[in-house]
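Before any comments, here is the structure.
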Amino acid sequence: MIRDPQTFQALLDAVRRFTRECLVPAENEVAETDAIPPAIVQAMREMGLFGLTIPEAHGGLGLTMEEEVRVLFELCQTSPAFRSVIGTTVGIGSQGILMDGTAEQKAHYLPRLARGELIASFALTEPEAGSDAASLRTTAIRGRDSQGEHYVVNGCKRFITNAPQAGLFTLMARTDPSDPGAGGVSAFIVDADLPGIHLGRIDRKMGQRGAHTCDVVFDGVRVPAGQLLGGVEGRGFKTAMKVLDKGRIHLAAVCVGVAQRILSDALRYATERRQFGQAIAEFQLVQAMLADSRTELYAAECMVIDAARRRDDGAHVSTEAACCKLFASEMCGRVADRAVQILGGAGYISDHGIERFYRDVRLFRLYEGTSQIQQLVIARNMLREVQP
Ligand code: COS
């Protein structure tokens, strides 16, 4: 935790400068090459960005959730692919270890994650288990041989962000095949170089070039028993849900950052572009689109900060996290859509970058739980509160 406001402000200023001076100028190159330049990844390491959420005791910056979202507001005012470089490591890939790992697991993995030497990926989704995560079919069957206790993992994980770069997977697999639901699922820390792990071809996506997903196939992978997260079977689904609660606030902050950038580009264009003898920003119908966007962006920003503060205060924020993810991702989609409208034909042409953002942000309403899953989580929690 950065308790000193001046030190935290210096971090925010450094991230803002880095975003403007290094990331924004590289946006087109990333879109064209589908790769983040290694020098940018190295700069992220040197700034400590891989360790934002890892406690100081394990070599990270140990930011509070509120500090994390404020950093994301700055870091995400550019193509979201840049955030993806650190996203799974500071987010869903590492947080299971932090929340439920044993002391040995934390000591072994977190310092390397914090230094950016190891990229973590979160392996939950499967071809037949997306929104219905508890129905996952990947199995991890416990056994014993001359080398000791282990699990044999078989199955396929799908759309795994950063899998091609991953050094470890936080893997959810079924240790109790007789329990087809959440209770049969356990979490594992799986080193990506184990024999029997195969990566599929990199998915060709609608947007977010530079951020890679692919299938990860586990074919008789022998995972030492000590890699069972927290050393206890049957807790993997709950670990995944807790990780996603935090991940959804993180992602909502990403949406706020990207929307700020899109809106500022649209505003600048509206003040420069002239039609009917005046800047189009003078037209009230254009102003309405700008004003609606600013209003919704402000609402999302307030929600994200509030949810982050509540989580920092120790509250269970499943509902608030889902509200933030739902509202901020939908808001970001509307802001991107209005930005295309404000730019008109130019908004549809690649040179201006707005159509790229429009495609990039479409993912926000899908991953880490679709908007419909957020609605379901919110409503179910509401019903639980009123039903005995
Ligand atoms: N924190 C802690 N525990 C939680 C939890 C949370 N946020 N949410 C659920 N749990 C617990 C429940 O309390 C329950 O425990 P008990 O059996 O001890 O009561 C268990 O987990 C199962 O919960 P539930 O019955 O609600 O599970 P469901 O299968 O009905 O599904 C949803 C829950 C739909 C909410 C879940 O599958 C989900 O979030 N799906 C979307 C997955 C997703 O986001 N995928 C994106 C991939 S990662 S990029």
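Bear in mind that the values in this text are calculations on the coordinates, not laboratory data. Since we're looking at a predicted model, the values are computed, not measured. Positions of Cβ are backbone-derived with ideal geometry, glycine not excepted, and every protein chain shown enters the neighbour counts.
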Original post:
What does the convex hull of the Cα atoms of the range 120-233 come to per residue, in Å³, rounded to a whole number?
Top reply: 98
Original post:
Taking θ as phi - 60°, what are the ³J(HN,Hα) couplings along the range 356-366 by the Karplus curve (6.51, -1.76, 1.60), each to the nearest whole Hz, with x for Gly and Pro?
Top reply: 5, 4, 4, 6, 4, 6, 4, 5, 4, 7, 10
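Where a ≥ b ≥ c are the square roots of the eigenvalues of the C-alpha gyration tensor, would you call the chain rounded, which needs a/c under 1.5, or, failing that, prolate if a/b is larger than b/c, or oblate?
Verdict is prolate for the chain.
What does the charge count near D203 come to, summing +1 for each Lys or Arg and -1 for each Asp or Glu among other residues with Cβ under 13 Å from its Cβ?
Summing Lys and Arg as +1 and Asp and Glu as -1 gives +4.
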Subject >> Normalised contact order of the chain, rounded percent, pairs of Cα under 8 Å and 6 or more residues apart >> reply: 16
**OP:** Arrange the following residues from fewest to most other Cβ atoms within 10 Å of their Cβ: K246, K205, K325.
**Re:** K205, K246, K325
Original post:
Any idea what the relative contact order of the range 238-386 is, in percent, if you count C-alpha pairs under 8 Å spaced at least 6 apart?
Top reply: 30
Original post:
Cα centroids of the range 182-217 and the range 1-58: how far apart, whole angstrom?
Top reply: 24
Original post:
HN-Hα J couplings of the range 218-225 from phi, Karplus 6.51/-1.76/1.60, θ = phi - 60°, integer Hz, Gly and Pro as x?
Top reply: 10, 10, x, 6, 8, 10, x, 4
Original post:
Once you measure Cβ to Cβ distances between cysteines in the chain, which Cys have no partner under 4.7 Å?
Top reply: C22, C76, C156, C214, C302, C323, C324
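Please compute the contact order of the range 154-264 in relative form: average sequence separation of alpha-carbon pairs under 8 Å and at least six residues apart, divided by the residue count, as a percent.
32
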Original post:
Where in the chain are the DSSP H helices whose C-alpha atoms run 20 Å or more along the long axis and whose mean Kyte hydropathy is at least 1.0?
Top reply: none
Original post:
Taking the chain, how many lysine pairs are there with alpha carbons less than 18 Å apart, if each pair must be eight or more places apart or span two chains?
Top reply: 5
Subject >> Cβ-based net charge around G247, under 13 Å, with every Lys or Arg adding one and every Asp or Glu removing one >> reply: +3
**OP:** Report, by chain and number, residues whose modeled amide H sits under 5 Å from the one on F159, excluding near sequence neighbours (fewer than 5 apart, same chain).
**Re:** C214, D215
